[in-house]
Amino acid sequence: MFSVYNGEIEDMKHQGEGFEDSGYATAELTLFYNEAYYKDTQKGPDAKVTYFFTASHSKGEKEIESEHVEMPQQDVTQISDAGLHFIAGWEDFRGEIYNDQAGHATIGYGHLVHYGQVRSDEELREITEVDAWNLFVDDMKIYESAVNRNVTVPVNRQQFDALVSLVYNIGEGNFLNSSVLRYINAGDYARAAESFLLWNKITDPDTGELVVSQGLANRREAEVELFTNGIY
């Protein structure tokens, strides 16, 4: 009837099958990202999606709910467009090189130029928003690979996107030693989600001490909502 790939509908047209008795000749498959979808996808590797068929006919239309279809989570290896924009929303665009909260030279959408503060010979460095976005998308391959290499259990679309967001922010080395990775590979999705919240601190560049960052705390809470409830 139809195929699903990476949590998306691959074949958007469903030609007539199952609708002959109702007199509807053709049907177009539509996916509604509604509250029911988010609730269904809370179940870790057993998450399911509800699809709806809108059958059209010369005499009218009607909507028919299909059976639940499991998401092919093992095929999720790339971040979605929604995931990219989720991360970009937290990074914001900066056209001039700057020091991030931890005191590292950064530009564009959170692209790390190098560790340590901006040098005097770099102060005039700039980037266009288009180039920054292309750099951001290219950078994302590194963090997708980090999740794919280290997560050994099935994850769905929203979980993968949340994990990539976390790794983009804390780095692969920290992710490898995190309770997030330990719990998720043990199949404990709930405790993995809770462990996101631990990553809310930065190193104060002046004192060298770990301090809570409200910005990071807010981001971690949003990543938990994404991981658990699919809310972008």
Quiz prompt | Additional length obtainable on full extension of the chain from H85 to A190, 0.36 nm per residue less Cα span | solution = 35.3 nm
Quiz item: Tally Lys/Arg at +1 and Asp/Glu at -1 over every other residue whose Cβ is under 11 Å from the Cβ of F175; what's the total?
Solution: +1
Practice problem: Beta carbons within 10 angstrom, averaged per residue: use that to sort the peptides 128-140, 182-194, highest first. | Solution: 182-194, 128-140
Exercise. Note down the nm distance, to one decimal, between modelled labels 7 Å out along Cα→Cβ at L197 and at R119.
Key: 4.3 nm
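Only the coordinates and a few stated rules stand behind these numbers; no lab work does. Keep in mind that what you see is a predicted model, and the values were worked out from it rather than measured. With ideal geometry, Cβ positions are generated from the backbone for all residues, glycine too; neighbour counts draw on all protein chains shown.
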